[in-house]
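Right, one structure below, let's go through it.
The values are calculated or read from the model by the stated rules, or taken from the named source; none is laboratory data. In this text, all values refer to a predicted model and were calculated from it rather than measured experimentally. Here the Cβ is made from the backbone with ideal geometry for all residues, glycine too, and neighbour counts use every protein chain on show. Note: accessible area is taken over every heavy atom of the protein model, side chains too, but ligands, DNA and RNA are not part of it. Shrake-Rupley method; radii C 1.70, N 1.55, O 1.52, S 1.80 Å.
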Amino acid sequence: MNPSSVACRMLLLLLLPIFSTATHATTTTIRADTVFDSVVSPQQRALAEDRPCGSIIGRTTRAEILTFVEIAVDRLLTLANLQSAAPAARSVLSNAARYDILAVKVCGSCAESDAISSPSNNGAPTDFPHYPSYCGSDIDGYDTTQSALMLFPIDNETDAVPPGKIRSFVHMHRHKYDATDDAPSNAWPSDIANFLATQTTEVVYQDFVAQFLDGIMPATRGTVTVYPDFRGFGSSTGNRTDFLQRSYLQSGVQSYRAASRFLSNYTGGCSLVDDTIVVSGKDEGAYAAVPLSWAFVALGLRINTLYLSAPILDLQVQTKFMIDSYDQGLVPMDESLDNYYFQKSLPAIAFAASIDTPGYANTGTSETLLSAGWMDPNNSPDNNVIDWFVNPGGELPDDSASLPFPATQVLDETFLERFRSATSDHPCSEVDGSLYPGTEALCQMMSESNVLGLLNSSGTVEGGKYAASTSVCFSDTDTFATNKNVPEYIFDQQHIFKSQLLLSGLLEVTGDHEDALLFCAVSVAFFYATDSASRDDGPSVISNLSEAEQKICSGDADDDDDDDDSDDTSDGFFARGAILGNAFSIAAVPFVLSWMSVS
């Protein structure tokens with residue numbers, strides 16, 4: 001069975017007249033280290049000026065949303081040489097767009113959130129990520145501000161947020177490199193009309209559609225959409241923490257909680273974030289989405305669907321692939337997107353794993369993923385990777401030509417030798433570490449940066465497992481996020497599906513990384529476009545407030561009710577006291593059986 005098929009049945013019916021003549025990984029452990037008193041990051045990224053937390057960015061009309069959808073559909077069907085299907089595809093998506101969207105920037109932190117209400121993990125199985133393991137007061141990042149882009153629906157007839165409990169969509173973004181401009185909370189234009197009027201279609205696609213298509217349809221369909229910036233991006237303080245699971249949990253959970261508080265306060269408690277959620281992510285964000293979904297379950301949320309697009313799920317496999325691609329001459333020395341992905345990813349990952357951030361296995365050791373020569377403070381800024389990511393923009397040099405080619409030269413030489421000597425995709429387990437001294441802690445860091453074990457063990461509720469329907473969208477020919485990140489054995493789990501065929505088999509997810517991301521984003525859009533509001537397990541159902549919640553909304557709550565629900569309008573779902581008692585009411589079997597498989 002494949003979730004992508006249900007998202008396309010309606011479109012298939014419209015397309016039939018047109019086409020009538022056509023022919024095993026190690027289980028991941030989330031490190032729970034406390035702050036290392038003896039370890040201090042030598043520098044922190046300086047925050048550049050950006051949008052203030054709590055600011056309303058702007059409203060996007062339904063008509064503007066349809067313009068973005070049209071750009072995406074036209075690009076996709078041109079890529080697939082199926083332009084004749086464009087009118088039908090646009091029709092399905094146009095009919096599905098219900099609301100305008102209001103974009104805001106929200107912020108929170110573990111410390112700020114705990115001052116309002118601290119979530120309970122009572123009864124959560126031990127192998128779930130318990131809240132104190134990533135948001136305890138003794139954990140690095142506890143005071144770190146987490147910023148996010150929040151989108152929510154506005155009914156253009158009432159000019160208000162639809163009343164009731166609104167389901168949510170949390171999307172973890174792709175690997176990014178400019179800490180200010182790339183942050184979702186900064187990248188969303190404040191004046192959409194002017195943006196569309198002054199930019200070319202290609203710029204609109206690259207700067208907006210390619211970044212936000214995943215969340216546009218959920219928001220206009222009637223959900224609260226949250227794009228966490230990640231630590232080190234936007235107003236999120238500190239340095240970037242690539243592939244550090246604990247950091248993604250802080251970012252995802254606190255962004256969600258901040259969005260819940262904002263919506264409740266904005267509507268006077270008349271619209272609340274419901275406890276049903278879709279978790280999504282692409283490339284690096286797909287990696288982050290896996291443990292984040294477990295953290296949400298442990299906090300009492302109900303996972304409707306976990307959606308992974310062009311995923312990087314095993315950093316060791318991905319790093320080996322990138323090194324081999326350089327060595328085999330597969331990375332072009334030009335201004336292509338492939339060059340962009342490779343040239344910027346390796347320095348970014350190496351930086352994060354070289355500055356002694358608590359949580360990485362090599363922190364507190366002398367082992368750094370960067371070579372000593374590329375983190376020497378005596379070098380010029382162009383030759384010091386540390387300087388690239390702690391400047392106010394937290395970015396690589398503007399001139400890509402100034403980046404070292406190949407980027408493998410910024411890596412520790414002994415580590416590079418160990419990976420080059422391996423014939424398998426897992427050099428750390430294949431190669432004798434004693435032959436490459438000074439790489440064992442780095443290999444432990446690489447081994448821990450793997451969520452395949454977590455994903456593969458998510459089959460049942462018993463024993464700390466759960467069965468949220470999981471869709472994995474990827475291209476076998478992805479030139480950056482190698483399909484080796486998606487081993488075949490994970491699909492032995494009944495709740496994990498390949499999403500490689502769209503429109504009931506008319507379109508195959510294929511092409512390079514950019515193509516794969518477009519296919520997968522459109523797949524998410526159609527998943528929401530064909531959701532039925534009358535279906536209880538649908539991802540965009542808006543349900544009624546409880547009697548107590550309705551009293552707060554109407555201002556009729558008496559003093560006792562106010563005391564009982566004092567946090568209700570300040571922290572959404574979490575403040576309503578929902579704990580693990582309903583954590584495992586996950587839409588698995590009925591939801592899964594409602595989908596048809598085309599894989």
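Before moving on, here are some points about what is shown:
- Some residue of the stretch 389-399 being at pLDDT 90 or above and crowded, with 17+ Cβ neighbours inside 10 Å: no
- One residue alone among Thr305, Thr365 is under 18 Å from the mean Cα position of the chain (by Cα) and among the hydroxyl-bearing types (Ser, Thr, Tyr), and that residue is Thr305.
- Counting only helices (runs of 4 or more DSSP H) that fall entirely inside the stretch 156-234 and contain at least 3 residues that are open to solvent by less than 10 Å² (accessible area, probe 1.4 Å), farther than 24 Å from Tyr142 by Cβ and not small (Gly, Ala, Ser), the qualifying elements are 210-221.
- Residue within the stretch 460-471 that is on the phi > 0 side of the Ramachandran plot and either modelled with pLDDT of 90 or more or of a type in the set (Gly, Ala, Ser) (or both) present: yes
- Filtered by the rule that a residue be open to solvent by 10 Å² or more (accessible area, probe 1.4 Å) and among the hydrophobic types (A, V, I, L, M, F, W, C), the stretch 338-385 gives Ile349, Ala361, Ala372, Trp374, Met375.
- For the stretch 497-514, the tally of residues that are surrounded by fewer than 24 Cβ atoms within 10 Å (Cβ to Cβ) and within 18 Å of the chain's Cα centre (by Cα) stands at 2.
- For Leu151, the criteria (1) over 30 Å from Gln245 (Cβ atoms); (2) open to solvent by less than 30 Å² (accessible area, probe 1.4 Å); (3) of a type outside the set (Gly, Ala, Ser) hold in every case but one, which is (1).
- The stretch 503-525 - residue that is at pLDDT below 85 and assigned to a helix (DSSP H, G or I) and, of those, nearest to Arg174 (Cα to Cα): Leu503
- Test: Met322 is under 29 Å from Lys484 (Cβ atoms) and open to solvent by 10 Å² or more (accessible area, probe 1.4 Å): no
- Residue, modelled with the lowest pLDDT, within the stretch 528-549, restricted to residues that are open to solvent by 10 Å² or more (accessible area, probe 1.4 Å), in contact with a strand residue (DSSP E or B) (Cβ under 8 Å, 6 or more places away or on another chain) and closer than 16 Å to Thr305 by Cβ: Asp537
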